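None of the figures in this text is laboratory data; all of them are computed from the coordinates on show. These numbers were taken from a predicted model, which means no experiment stands behind them. No Cβ is skipped: glycine too gets one built from the backbone with ideal geometry, and neighbour counts run over all protein chains shown.
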Amino acid sequence: MVRDITLGQYYPGKSFLHRLDPRSKIILLIAYLVIIFCTFNYLSLLLVTIFTALVIAISGVPFKTYLKSLKIVITIVIITSILNLFYGTGEPIWQWWIISVTANGINRAIFVTIRIICLILASSCLTFTTSPTDLTDALERLLKPLNKIHFPVHEVSMMMTLALRFVPTLLEETDKIMQAQKARGADMEAGNLFTRIKAMIPILVPLFVSAFRRAYEVATAMECRCYNGGSGRTRMKVIHMTKRDAVGFIGVALIIIGVFICNIMMKKVI
Amino acid sequence: MEFISAQDIYFSYEEIEVGKKVINAVDGVSLEIKKGEFVALLGHNGCGKSTMAKHFNEMLLPDKGKVFVDGDDTADESKTFDIRKKVGLVLQNPDNQLVASIVEEDVAFGPENLGVPPEKIRERVDSALKAVDMYEYRKNAPFKLSGGQKKRIAIAGILAMQPECIVLDEPTAMLDPSGRDEVLSTLIKLNRENNITIVLITHYMDEAVLADRVIVMDAGKILTEGKPDEVFSQVELLKKHRLDVPQATELIYKLRGCGVNFDKVPLTDEECIKMLEEVLK
Ligand SMILES: Nc1ncnc2c1ncn2[C@@H]1O[C@H](COP(=O)(O)OP(=O)(O)O)[C@@H](O)[C@H]1O
Ligand SMILES: [Mg+2]
C-alpha cells in the first residue's frame, strides 16, 4: 500500500524530455505551472490541456504511470472542485436550501479540476524523465548564486539526494514494522481517532530509532568514500544546454504567448 | 612489504557504562597485511572485527598504539584523504552504503568526491560495474536489487575509487548461498586479476578457507593466525573459544581421535572426500 507512492520515480529512457538539460526542465516547469494558473477562459485552458497531453506523449513514459500519480491527489481534486462549485458568484441557476450553484461556480469547478490535473501531470513529467541525482544537481547549480549569502546550497542538495534515495527504503521499513506489529496482534484500523493515533506509536518509535541509526551509518559510509563536502568535487554527468533546450524554451514561450493573447482577446469566465 | 600494519593497538568505545570496568573492543592487537594478500579476519559476533576494520582506513583512531597504511601513520590528519583512497571499506549493510538513486550514479560518488575529471569517472564506473558483473543494471534503482546485487554495487562503488586494498565487513552476512558465491568469486577475481589486497571479515569458516592467511580474533585479541590449514588444524583451540571449524576438517579430526591415521587436515569437502577414499581403499 505505501509503495504506491510514485514520488521521485525515474523512468530511464531516451526521449526528447529525458535529454533536455535538467536545469531547463526545472525552469520550464516553473514557468508552465505559473501559466496554468493564468488561464481565465476556455480557449487558453484548452491550449494548456493540449500542450500537457503533448508533453506526456513525447515523454515516452507509459500513461498508466501518470494515472498512478493522479490517483494520489484525486480526493483533493474532487473536494476542491465541489467546494468551488458552491462558491461561485452571480445568479444561481439551481438552488436548494442554502446551497446554490451558479454558472460561475460550474466554470470554477471545471477550471480547478483541469488546472490541478495539468499541474500534477506536468510535475510528474519532470520527475519521471529526470533522475533524482540530475534533479538535485540541477537545483544545486541553479541555486549557486545563493552561496553568496552563505546559503549552504551543496549541503541542501546533498540532503535532497539522500532523502530521495531513502524514501523507498524507509517506506519498505514502515511496511515491515507494521506487519511485525500486526503479527503481534496490534490493531491499527479499529477504534476512534485517538486510539488509532496511539496505535501508531509502536510503529513510529522503531521507525525513528532505525532511521537515526541508518543516518549515522550512511554518514560513515560517505566518509569512507572520501566525501568531504562540495569543494573539490566533480560530477560524472556534465550537463550543458543544447539546441534541444532552445526548442523546449521556444515551445513553452509559444504557450505563454498563446495564453496571454487568449486572455486579452476573450472575456474572463472565472 | 607490509601494506597495513597495526602495532599493539587498543581501542574502547566511550559509551560503556560508568562503574563497570572499561572493556576494550580492540585489546592489544598487532597485525600486518601485505600488498596483494587475501586475508580473512575471523571471529564471532562482538569480538571486535568491525572495530578493527575501521582502524584500517582511519574511521577510528586507536587509543594506544599505531596503525600505518602504506607507511603513513593514520593519526596524521593531513593523510586522511590519501589513506581512505588507498583502503576502501565496504560496510556491513549495503542499504546504508548506497547513496544515490541510480546504480551508476552511486558508483560515481567516490570518484566524484576525489575530484576525478568527468570522462575518467565514466570509464571508472563502467569498468567497476563490469568487474562485479553488474553493468547491465547500471540504470536500475538500488532498492530494487537483491541483497547480493546490492553488495556487489557497494563493492563497485569502492572499486571505482581504485583503492589498493578493499576491506569488507561481513560481505556475505544475510545472503543466500548463490548471493554468497557471487560476492566471494568477485573478491577472488579482484585479488587474482587486479592484484587488489583483500581483507575479508567474516564469521563463516568455509569462507576463511579461501584466503591466503587467516587471522582469528576473540574478545578483542588475536587468538591465532596463519595459513588456513595451519589455523584449522588447531581444532581444540578453536573449539575452546566456541569457534567452529569447517565440517570437513572436523570430520577428519574426529576420525583421527578414533585412531584413523591422516597426515594432514582437509579444508574443503572435495579434499575430505579424496582423503577418505584413499583410506578406505
Ligand atoms: N558504536 C559503538 N558504541 C559502543 N560500543 C560498541 C560500538 N560498536 C561496537 N561496540 C562494542 O564493541 C565490541 C566489538 O564490536 P564489533 O567490532 O562491532 O564486533 P564484531 O564486528 O566482531 O561483531 C562489542 O562488544 C560491541 O558491543
Ligand atoms: Mg561487525
| task | Enter the per residue convex hull volume of segment A:1-156, computed from alpha-carbon coordinates, in Å³ rounded to the nearest integer. | result | 165
| query | A:K71: which aspartates and glutamates have alpha carbons under 16 Å from its alpha carbon, excluding same-chain residues fewer than 8 sequence positions away? | reply | A:D4
| note | Heads up, segment A:174-270 by the C-alpha gyration tensor (a ≥ b ≥ c square roots of eigenvalues; a/c under 1.5 rounded, else a/b over b/c prolate, else oblate) looks oblate
| request: Starting from one equal scatterer on each C-alpha and no solvent at all, send me the Debye-based log10 I(q)/I(0) for segment B:65-117 at q = 0.14, 0.15, 0.18 Å⁻¹, two decimals. | output: -0.50, -0.56, -0.74
| field | Average other protein chain Cβ within 10 Å of Cβ, residues A:226-234 | value | 6
| field | Cross-link pairs B:K54/B:K85; A:K25/A:K243; A:K25/A:K144; B:K35/B:K227; B:K54/B:K86 - those with Cα-Cα distance over 19 Å | value | none
| remark: For segment B:168-281 the translational diffusion coefficient, Stokes-Einstein from a Kirkwood Rh over Cα pairs at 37 °C and viscosity 0.692 mPa s, in µm²/s, is roughly 213
| remark: Mean separation of Cα contacts under 8 Å (at least 6 apart) over the residue count of segment B:77-137, i.e. the relative contact order in percent, is 22
| With N residues in segment A:65-214, what two-decimal value do you get for its Cα radius of gyration over 2.2 N^0.38 Å? | 1.52
| request: Just tell me how shielded B:231-241 is by partners: mean number of partner chain Cβ atoms within 10 Å of each residue's Cβ, no decimals. | output: 0
| query | In terms of modelled amide H atoms, which long-range or inter-chain residues lie less than 5 Å from the amide H of B:F38? | reply | B:I198, B:D212, B:R213
| request: Determine the percent antiparallel among the DSSP beta bridges restricted to the protein assembly as shown, to the nearest 5. | output: 55
| task | Bin all alpha-carbon pair distances of the protein assembly as shown at 10 Å intervals from 0 and give each bin's fraction as a whole percent. | result | 3, 14, 20, 20, 17, 11, 7, 4, 2, 1, 0
| task | Take the Cα atoms of chain A, find their three principal axes, and give me the spread along each one in whole Å, biggest first. | result | 66, 59, 39
| field | Packing-based exposure ordering (other Cβ within 10 Å, fewest first) of A:M200, B:M134, B:M59 | value | A:M200, B:M59, B:M134
| If contacts are Cα pairs under 8 angstrom and at least 6 residues apart, what is the relative contact order of segment A:145-224 in percent? | 24
| Residue order, fewest to most surrounding Cβ atoms within 10 angstrom, among A:Y42, A:Y227 | A:Y42, A:Y227
| remark: In segment B:72-153, the trypsin sites (Lys or Arg not before Pro) that sit in a DSSP loop and have at most 14 other Cβ atoms within 10 Å of their own Cβ are B:K139
| message | Using each residue's phi in segment A:248-254, evaluate 6.51 cos²θ - 1.76 cosθ + 1.60 at θ = phi - 60° and report the 3J(HN,Hα) Karplus result to the nearest Hz, with x for Gly and Pro. | response | x, 4, 5, x, 5, 4, 4
| Share of pairwise Cα separations in segment B:55-200, more than 26 Å, in percent | 22
| message | With 10 angstrom as the radius, rank B:L168, B:L200, A:L126 by how many other C-beta atoms surround their C-beta, starting from the fewest. | response | A:L126, B:L168, B:L200
| What are the extents of the Cα atoms of segment A:19-87 along their three principal axes, listed from largest to smallest and rounded to whole Å? | 44, 26, 20
| note | Under the rule rounded for a/c under 1.5, else prolate if a/b exceeds b/c, else oblate, using alpha carbon gyration tensor axes a ≥ b ≥ c, segment B:139-209 is classed as oblate
| For segment A:20-32, 3J(HN,Hα) per residue [Karplus equation, 6.51 cos²θ - 1.76 cosθ + 1.60, θ = phi - 60°, Hz, x = Gly/Pro] | 5, 4, x, 5, 4, 4, 5, 4, 4, 4, 4, 4, 5
| Peptide B:79-87 - average C-beta neighbours from other chains (10 Å radius) | 2
| What shape does chain B have by the C-alpha gyration tensor, where a ≥ b ≥ c are the square roots of the eigenvalues, rounded means a/c under 1.5, and otherwise prolate means a/b greater than b/c and oblate the rest? | oblate
| remark: Dividing the mean separation of Cα pairs under 8 Å (6+ apart) by the residue count of segment A:123-261 yields a relative contact order in percent of 18
| Share of pairwise Cα separations in segment A:145-224, more than 15 Å, in percent | 69
| query | So which aspartates and glutamates can A:K198 reach, going by Cα to Cα under 19 Å and dropping same-chain residues fewer than 8 places off? | reply | A:D175, A:D187, A:E189
